[in-house]
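Colleague: Dropping a structure here in structure tokens format, bear with me for questions.
Just so it is clear, none of the values below were taken in a lab; they were calculated from the coordinates. If you're wondering where the values come from, they're calculated on a predicted model, not measured in any experiment. Here Cβ is always computed from backbone atoms with ideal geometry, including for glycine, and neighbour counts include all displayed protein chains.
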Amino acid sequence: MQNLLDFDAGRFSLWFASLQEKPFRATQTLRWLHRFGAMDFETMTDLAKSLREKLKANAIILPPTLITTSISADGSHKFLFDIGDNNAIETVFIPEAGRGTLCVSSQAGCALECAFCATGKQGFSRNLTTAEIIGQLWQANRFFGHDPKDERIISNVVFMGMGEPLANLDNLIPALNLMLDDNAYGLSRRRVTVSTAGLIPAMDRLREECPVALAVSLHAANDALRDQLVPINRKYPLAELMAACRRYLEKAPRDFVTFEYALLAGVNDSAADAHALLALTEKISCKFNIIPFNPFPGSEYRRPGAERVRRFAEILLAAGKIATTRKTRGSDITAACGQLAGQVRNKRASSRIIPRANQRHAIFLKEHTI
Ligand code: SAH
């Protein structure tokens, strides 16, 4: 059985051709699936009965299973999905004036082992399929009811949930294609942001195959420190990463890269660090997104005080850069790391959901995205 949520338009028409069906039938079906969130083939009323029968016999519509939805007092929604084999992923919707952002996951766990990230500490489970990536948007849209007048409509997607999206490019690209496709979600390229720890060859491939807005997790302005915080830096050091950012900008839909910088007390939060960051990024059109560290049990880092965060941001601002500090959102529904998975366990007597894959996400998703 073929899961139709694994197909972007190109794969859709190839598959329909193999069934001896015309390309426009593929487009019609794609629209039913993604524009209207159809769950079964019977609702696709303008498809011939014979085609519906063929689809029923050969295909399924299988998004990740939505287990719980939590709603914060500030309006953010958190979705917990079961993806089988003891893996769970989370997705968060963050409403703001004039836009709604969905923060999605690309992997269950993560292999990059960034020192300050709970997901990294938990290890890697597996890549999400295209259906599991796009399925997060599909499910969130269904939840909100597809009403274009609804202010909760999703206008932006950021890949800042669990996992390293560029380590899962083969499944990511069809999902991005669907997000941008007018027959599916029709999002603007500028409003879909992939966040990476700096996988240079994959950045180059993304630029060629599906350039969307790019965020790069910098966290340090020199190789010695970045080697510790973001170990992938040993393979792709800063000078090469900066060059890759410049190459990306040649084809990017936005004329800047966003540099994320997790602020860790006493590690990378001094005035000298801010100046080093400015020097490193001098030749790149960029914005900064400062993320005061979110502590989790067992983490050796601390969040700097508000005054220190403000001072760091001010140095960047004084140099004429745009620098935003990520706000906490939805802390009442996320609370501490791992807590959500615990709640799920309590709800289901013999739960198959374990906190493993959720932990860093549960922390990070308290935060407001760029
Ligand atoms: N793998 C992608 C997406 C990670 S999540 C990437 O590395 O960009 C988005 C951001 O949250 C990244 O910049 C990541 O480094 C940061 N992050 C992870 N754990 C954090 C924590 N405990 N506190 C603050 N930021 C964190």
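Colleague: What relative contact order, as a whole-number percentage, does the range 156-311 give when Cα pairs under 8 Å and 6 or more residues apart are counted? Walk me through the numbers before you get to the answer.
Modeller: Details: 235 pairs, mean separation 29.6, N = 156.
The value is 19 percent.
Colleague: Each residue of the range 292-305 in order: what ³J(HN,Hα) in whole Hz does its phi give by Karplus 6.51 cos²θ - 1.76 cosθ + 1.60, θ = phi - 60°, with x for Gly and Pro?
Modeller: These are the phi-based 3J(HN,Hα) values: x, 3, 9, x, 9, x, x, 7, 8, 9, 10, 7, x, x Hz.
Colleague: Follow-up. How big is the equivalent ellipsoid of the chain along its three axes, where each semi-axis is √(5λ) from the Cα gyration tensor, reported in whole Å from largest to smallest? Don't jump to the answer; show the numbers that get you there.
Modeller: Details: eigenvalues 260, 109, 66 Å².
Its equivalent ellipsoid spans semi-axes of 36, 23, 18 Å.
Colleague: OK, next. Which Rg and Dmax, in Å, describe the Cα atoms of the range 72-220?
Modeller: 14.8, 43
Colleague: May I pose another question? Would you please give the residues with an amide H less than 5 Å from that of Y301, counting only those at least 5 places away or on a separate chain, with H modeled from the backbone geometry?
Modeller: Hits under the 5 Å cutoff: none.
Colleague: Net charge around D273, counting only other residues with Cβ within less than 13 Å of its Cβ (Lys, Arg = +1; Asp, Glu = -1)?
Modeller: Numbers: positive: R226, R308, R311; negative: D269.
Net of charged neighbours comes to +2.
Colleague: Continuing with this model, one more query. Using a cut-off of 14 Å between beta-carbons, work out the net charge of the residues near P231 (Lys and Arg +1, Asp and Glu -1, P231 not included). Walk me through the intermediate numbers first.
Modeller: Working: positive: K121, R226, R234, K235; negative: E113, E164, D223, D227.
That works out to 0.
Colleague: What number comes out for the charge environment of A26, summing +1 per Lys or Arg and -1 per Asp or Glu over other residues with Cβ under 15 Å away?
Modeller: Numbers: positive: R11, K22, R25, R31, R35, R52, K54; negative: D6, D8, E21, D46, D181, D182.
Taking every other residue near A26 into account, the sum is +1.
Colleague: Next up: Which of Q28, Q107, Q122 ends up with the largest GNM mean-square fluctuation for the chain, with Cα atoms connected below 10 Å?
Modeller: Residue with maximal mean-square fluctuation among Q28, Q107, Q122: Q28.
Colleague: Shifting gears a bit: Rounded to the nearest Å, what's the spacing between the alpha carbon centres of the range 176-229 and the range 1-49? Just the number, please.
Modeller: After rounding, the separation between the Cα centres reads 29 Å.
Colleague: What list of ³J(HN,Hα) couplings, whole Hz, do you get for the range 308-323 from phi and the Karplus terms 6.51, -1.76, 1.60, once you set θ to phi - 60° and write x for glycine and proline?
Modeller: 5, 5, 4, 5, 4, 4, 5, 5, 5, 5, 5, 7, x, 8, 8, 9
Colleague: Also: Which cross-chain or sequence-distant (5 or more) residues have an amide H under 5 Å from the amide H of T65, H modelled 1.01 Å from N in plane?
Modeller: It is D82, by chain and number.
Colleague: Measure up K235/K327; K251/K321; K283/K321 against 20 Å on the Cα-Cα distance and list the ones that go over.
Modeller: The pairs that break the limit, which is 20 Å between Cα atoms, are K235/K327; K251/K321.
Colleague: Cross-link partners among aspartates and glutamates for K54, C-alpha distance below 19 Å, same-chain residues fewer than 8 apart left out?
Modeller: D6, E21, D40, E42, D46
Colleague: What is the set of long-range amide H partners of A111 at a cut-off below 5 Å, with H atoms built 1.01 Å from backbone N?
Modeller: For A111, whose amide H was placed from the backbone, the distant partners under 5 Å are E164.
Colleague: Nearest 500 deg cm²/dmol is fine: what mean residue ellipticity at 222 nm does the chain get from its DSSP H runs of n ≥ 4 alone, each adding -39,500 (n - 2.57), divided by its residue count?
Modeller: Details: 14 runs with 133 residues, N = 370.
Rounded to the nearest 500, it is -10500 deg cm²/dmol.
Colleague: Using the Cα atoms of the range 32-129 to build a convex hull, what is its mean projected area in square nanometres? Kindly include the intermediate steps, with their values, before the conclusion.
Modeller: On the way: hull surface 37.4 nm².
The directionally averaged projection comes out at 9.4 nm².
Colleague: According to the square roots a ≥ b ≥ c of the eigenvalues of the Cα gyration tensor, what is the shape class of the range 231-273, taking rounded for a/c under 1.5, prolate for a/b larger than b/c otherwise, and oblate for the remainder? The partial results should precede the final answer.
Modeller: Values: a/c = 2.88, a/b = 1.63, b/c = 1.77.
Because a/c hits 1.5 or more and a/b fails to exceed b/c, the range 231-273 counts as oblate.
Colleague: Related question: What size of dipole, in debye to the nearest 20, comes out for the range 1-137 about its Cα centre when the only charges are +1 on Lys and Arg C-beta atoms and -1 on Asp and Glu C-beta atoms? Intermediate values should be presented prior to the final figure.
Modeller: Numbers: 13 positive and 14 negative charges, 92 e Å.
Here the size comes out at about 440 debye.
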